[in-house]
Every structure is written in structure tokens, then in C-alpha cells.
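Notes follow the structure.
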Amino acid sequence: YKEIESKDDNSDDDNVKVKRLRDFSARFLERVLLLTRDRTEDVCLLAFQLLRAQQLCGLMEIFEESVISEISCCVFDKGLSIDSRTLALSFYIDSAEAFDSEVCEG
């Protein structure tokens, strides 16, 4: 994640890493979403961290509206830890801001 976050668009090696992360993300998205509701707090938190990392790496195209809605519902799930709910809220806010900027540009 940190390697990809600081990528140089002209680097073929970095483009390969981004493609691999995009493929991984798309393939395992449903499983990661299930892990956000895991009973083990650490597993749940790691799932939210992965979703957030994918979002921050510019992989928003893998997140359909239904996925964003599902994650946003986690903000209000009192069964989740505060840390998980905070990551869910950050994810939702950034998704809304990305949507707003697309609407304004389009």
C-alpha cells in the first residue's frame, strides 16, 4: 500500500503493482466486506483498513454504489469498534467527496 501510494505514473513497475492491487481488490471484495462484520475486532479493523487503502490508492471504480452503502451502514453499527466505525465514516466521506467532484466536473 505505501509503495503504491507514492507511485510515479511513469514507472512500469508501479503500474504493475497498481494493476495487481486492482485485480486483488476486485476478486476478494465480497470476502473483505464479510470480514468487516467479523466477531474478532482485529480482523474487522484490518478489513476496513484494506478497504480504506484501496480507496486511497485510487481504486474507487471497484466500489459500486451498493458497496459504498454497505460500508456506510457500518458507521452506525454499535457492534463494531469505534476504530472500525471511524474508518467506515472516513471511507464514506471520501466517497461522497469523490462523487461530488465527478458531478461538478461532468
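The values are calculated or read from the model by the stated rules, or taken from the named source; none is laboratory data. From a predicted model like this one, the values you see are computed outputs, not experimental measurements. Here the Cβ positions follow ideal geometry from the backbone for every residue, glycine too, while neighbour counts run over all protein chains shown. Accessible surface is based on the protein model in full, side chains and every heavy atom, while ligands, DNA and RNA are left aside. Shrake-Rupley method; radii C 1.70, N 1.55, O 1.52, S 1.80 Å.
Looking at the range 65-82, is at least one residue part of a helix (DSSP H, G or I), at pLDDT 90 or above, closer than 30 Å to Asn15 by Cβ and open to solvent by less than 60 Å² (accessible area, probe 1.4 Å)? Yes - at least one qualifying residue is present in the range 65-82.
Residue count for the range 21-44 satisfying the condition of being under 12 Å from the mean Cα position of the chain (by Cα) and surrounded by 15 or more Cβ atoms within 10 Å (Cβ to Cβ): 7.
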